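The values are calculated or read from the model by the stated rules, or taken from the named source; none is laboratory data. Owing to the predicted nature of the structure, the values given are computational and were not obtained by experimental measurement. Counting neighbours? That spans all protein chains shown, and the Cβs are built from the backbone with ideal geometry, glycine included. Ligands, DNA and RNA are stripped out before the accessible areas are found, and what is left, the full protein with its side chains, is counted by its heavy atoms. Shrake-Rupley method; radii C 1.70, N 1.55, O 1.52, S 1.80 Å.
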Amino acid sequence: MAITFHPDGSITGAKIHQTGMVLQVQQTYKTDTFNDSLTYNDETGDITGLTASITPSDASNKILIMFDVMTGNSASSRIGIKLYKAGSVLTGSLGDADGSNSRVTAYCSTMTYDRSWGISGKYLDTAGGTSAITYSLRLRIGNSASNTVYVNRQATLYNSAGSMLAGSSLILMEIAA
């Protein structure tokens, strides 16, 4: 294979990265809030502002997905996060199937007074192509009552320094195969 050096500084015909090298990083950082009313075993659509896209340079490369999401809930419950790739649940990122239990990527239990928790997760995916891939996050609840789930805020805001508003992030890293 011939290596060509172009006047614009680009190089073609050469593989210039090593396995495990980080090739690119994309981040979405959400500072505003999100909420949705859910009922038992229900799930939101994509969390507005917590989607990120990456265009892999090689189909065999890996995409490391990392997220930190501040959640709140209007009732004591469990909140789960499911990871989606191009609009479909990324099933490899879910816990094992066991009876009727919900399968999610990460979860927390909001059984305290403030009903707010941070949920973090990581998953290493295979790119599978060289077209842009969009990853997104959705919330799921696990209690029998209808309630409202929140992102970047606690369930009740008191308009005081004691109330907290936070940010959430979704980071994608392309790793050379």
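Considering only segment 142-155, how many residues are open to solvent by less than 70 Å² (accessible area, probe 1.4 Å) and at pLDDT below 85?
The total comes to 6.
What is the residue count in segment 90-116 for residues that are at pLDDT 80 or above, hydrophobic (A, V, I, L, M, F, W, C) and open to solvent by 50 Å² or more (accessible area, probe 1.4 Å)?
Residues that pass the stated criteria total 1.
Residue under question is T19, and the condition is that it be open to solvent by 50 Å² or more (accessible area, probe 1.4 Å), free of Cβ contacts under 8 Å to residues at least 40 places away in the same chain and either in contact with a strand residue (DSSP E or B) (Cβ under 7 Å, 6 or more places away or on another chain) or assigned to a loop (DSSP other than H, G, I, E, B) (or both); does it hold?
Numbers: open to solvent by 50 Å² or more (accessible area, probe 1.4 Å): yes; free of Cβ contacts under 8 Å to residues at least 40 places away in the same chain: no; either in contact with a strand residue (DSSP E or B) (Cβ under 7 Å, 6 or more places away or on another chain) or assigned to a loop (DSSP other than H, G, I, E, B) (or both): yes.
No; evaluated as a whole, the condition is false for this residue.
With respect to the numbered conditions (1) at pLDDT 90 or above; (2) in contact with a Ser or Thr (Cβ under 8 Å, 6 or more places away or on another chain); (3) open to solvent by 20 Å² or more (accessible area, probe 1.4 Å), which one is the sole condition not fulfilled by D125?
For D125, the failing item is (3).
Which residues, taken from segment 73-91, are closer than 25 Å to M164 by Cβ and in contact with an Asp or Glu (Cβ under 8 Å, 6 or more places away or on another chain)?
K82
Looking at (1) touching a residue at least 24 places away in the same chain (Cβ under 8 Å); (2) part of a loop (DSSP other than H, G, I, E, B); (3) among the aliphatic types (A, V, I, L, M), can you tell me which one L157 breaks?
So the condition that L157 fails would be (1).
Out of all the residues in segment 161-173, is one or more polar (S, T, N, Q), more than 22 Å from F34 (Cβ to Cβ) and over 13 Å from the mean Cα position of the chain (by Cα)?
Taking every residue of segment 161-173 in turn, none turns out to be polar (S, T, N, Q), more than 22 Å from F34 (Cβ to Cβ) and over 13 Å from the mean Cα position of the chain (by Cα).
Output the number of the condition that T134 fails; it satisfies all remaining conditions of (1) assigned to a loop (DSSP other than H, G, I, E, B); (2) open to solvent by 30 Å² or more (accessible area, probe 1.4 Å).
For T134, the failing item is (1).
Give me a count of the residues in segment 37-72 that are touching a residue at least 60 places away in the same chain (Cβ under 8 Å), open to solvent by 50 Å² or more (accessible area, probe 1.4 Å) and assigned to a loop (DSSP other than H, G, I, E, B).
Matching residues across segment 37-72 total 9.
Filter segment 77-89 down to the residues that are of a type in the set (G, A, S) and open to solvent by less than 50 Å² (accessible area, probe 1.4 Å) and list them by number.
Within segment 77-89, S77, G80 qualify.
Here's the yes/no breakdown for (1) more than 30 Å from H17 (Cα to Cα); (2) within 15 Å of the chain's Cα centre (by Cα):
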position	(1), (2)
K62	no, no
S74	yes, no
R78	yes, no
K82	yes, yes
L90	no, yes
G99	yes, no
T105	yes, yes
G118	yes, yes
Q154	yes, no
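Restricting to segment 73-89, name every residue that is part of a loop (DSSP other than H, G, I, E, B) and more than 26 Å from G128 (Cβ to Cβ).
Result: S74, A75, S76, S77.
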